[in-house]
Structures are given as structure tokens and as C-alpha cells.
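Shown next, in C-alpha cells, is the structure this report addresses.
Read-outs throughout are calculated quantities, based only on the coordinates presented, and are distinct from any laboratory measurement. Just so you know, these numbers come straight off a predicted model, no measurement behind them. Because the Cβ atoms are built from the backbone with ideal geometry, glycine has one as well, and the counts that use them run over all protein chains shown.
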Amino acid sequence: MEKSYNILFENNKKWVANKLKNNPQYFNQLSKGQTPEYLWIGCSDSRVPANEITGTQPGEMFVHRNIANMVVHTDMNLLSVLSYAVEVLKVKHIIVCGHYGCGGVLAAMGNKQYGLIDNWLRHIKDVYKIHHVELDKIKDETERGRRFVEINVMEQVYDLCKTSIVQNVWAKKEKLHVHGWVYDIHDGIIKDLKISFSSNEELPTVYQFDN
């Protein structure tokens, strides 16, 4: 156990040496600040590293991760990240990215009790409830799970657009695009779900704030 722990420090030293070899000023430049164009809201799954699968470098993508890439309106962690990203860093794109085979989504499809996490999974179950007619028609469990992952991303995109933070940015006529993606662990390819918003006018009127 101690060896597997200490290897992280060794890996860090190798990473630093490699970066400095390619660019002696790498860390000096990085320490001057960040100007990311993207905010990534993804799953905590260790197989879905945002920077690596998108080919972005440190400083190019602001990242928030939680189980099943959820946008919960009472989650102060997510709201704080969102607020800082759009109001201070001025990101231009927010990406909600799920992934096929997501453990949180699959757990929410069943009835097994897991403990504290059940309170989080309830939010995912609420998504299933909304779309149960379509999902229940899919008899193959694997295919149903894949479709549920896609639907969950779509709902999180909608929920993101409903936040006062995003709504206020749009009210100022500032450019901000919200997208929904799914990553396939089986082949490494990102699928664009073709669900993007750039204005509150694209949402149902009940979610639009008066300004």
C-alpha cells in the first residue's frame, strides 16, 4: 500500500521533469493565472479525465466533477464553481459530459440501497421518473442504461440553463454556450448530443427571468 502511494510522488517528479524539458518556462507561465474558455461538468469516475480526453492543457479547462455529472440547484459546490467560471473567468462554453457505463446512473436504475449516496442517487431517479415511458420500453438493460446516460445529460443541461447564474449572463447579452456530451469508455470517443443553448429565449418561458 505504501509503495502504491509513494509512486504518485515519483510520477509527479517525472511529469515536472518532462514539462521543463519541453519548456523551461512552463510553470512560470502557468503560475501567472488561468484564462480557461471551457467549464467541464463531468462525472467523478476515474476513467474520465477531462483534460486528457479533450487534449486540453492545464489552464484551458475549469473542471467540476461529481457522481453522474449532476446539476443540483441546492449544491453550493457546483453553484460556486459555476459562478466563478462564468462571472470571473468568463468562460465561453459549459460542457456537461456524462459517460456510458456510469455507475451512478446504473445504480439509480435499480432498487438496491447503498447508504448515504442514495440521497444523491434520488436526483438521478427523478430523471428516470420523468422519462420512464421511453426508458421502460427498452428491454435490453445495457441499451436502456446507455439511453438513460444520454437523457440524464440532457436534463442536466436544461437544469444548468435554468440557474440564475446562467440566466443573468444571458440577460447581459454575453456569449455563453451550454452543451451536452457523452464519452464512450469503450472506444474513447466523445458523442455530441446536439443539445446546446446560448440564450434564455430557447427555454420555456416559465424558466425565464424578467429583466
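Just a yes or no: is a residue in region 9-27 within 22 Å of Q156 (Cα to Cα) and small (G, A, S)? No.
Pick from region 27-69 the residues that are touching a Cys at 6+ places or on another chain (Cβ under 9 Å) and part of a loop (DSSP other than H, G, I, E, B): which of them is farthest from I117 (Cα to Cα)? My answer is V48.
Within region 29-50, residues that are surrounded by fewer than 19 Cβ atoms within 10 Å (Cβ to Cβ) reach partners that are in a helix (DSSP H, G or I) and of a type outside the set (K, R) with beta carbons closer than 9 Å, at six or more positions or on different chains, in the pairs S44/G104.
Scanning region 131-181 for residues that are under 24 Å from L39 (Cβ atoms) and of a type in the set (A, V, I, L, M) yields V149, I151, V153, M154, V157, L160, I165, V166, V169, A171, L176, V178. Scanning region 36-60 for residues that are within 17 Å of I95 (Cβ to Cβ) and of a type in the set (S, T, Y) yields Y38, S44, T54, T56. Residues that are within 25 Å of S199 (Cα to Cα) and touching a residue at least 40 places away in the same chain (Cβ under 8 Å): does region 135-150 have at least one? Within region 135-150, one or more residues are within 25 Å of S199 (Cα to Cα) and touching a residue at least 40 places away in the same chain (Cβ under 8 Å).
Selection of region 176-189 for residues being touching a helix residue (DSSP H, G or I) at 6+ places or on another chain (Cβ under 9 Å) and either crowded, with 20+ Cβ neighbours inside 10 Å or under 20 Å from Q208 (Cα atoms) (or both) yields L176, V178, H179, G180, W181, V182, Y183. Among the residues making up region 78-118, those that are surrounded by fewer than 13 Cβ atoms within 10 Å (Cβ to Cβ) and not in a loop (DSSP other than H, G, I, E, B) are S80, V88. Listed by position, the helices (runs of 4 or more DSSP H) contained in region 127-207 that have at least 2 residues being more than 21 Å from M109 (Cα to Cα) are 141-162, 164-171.
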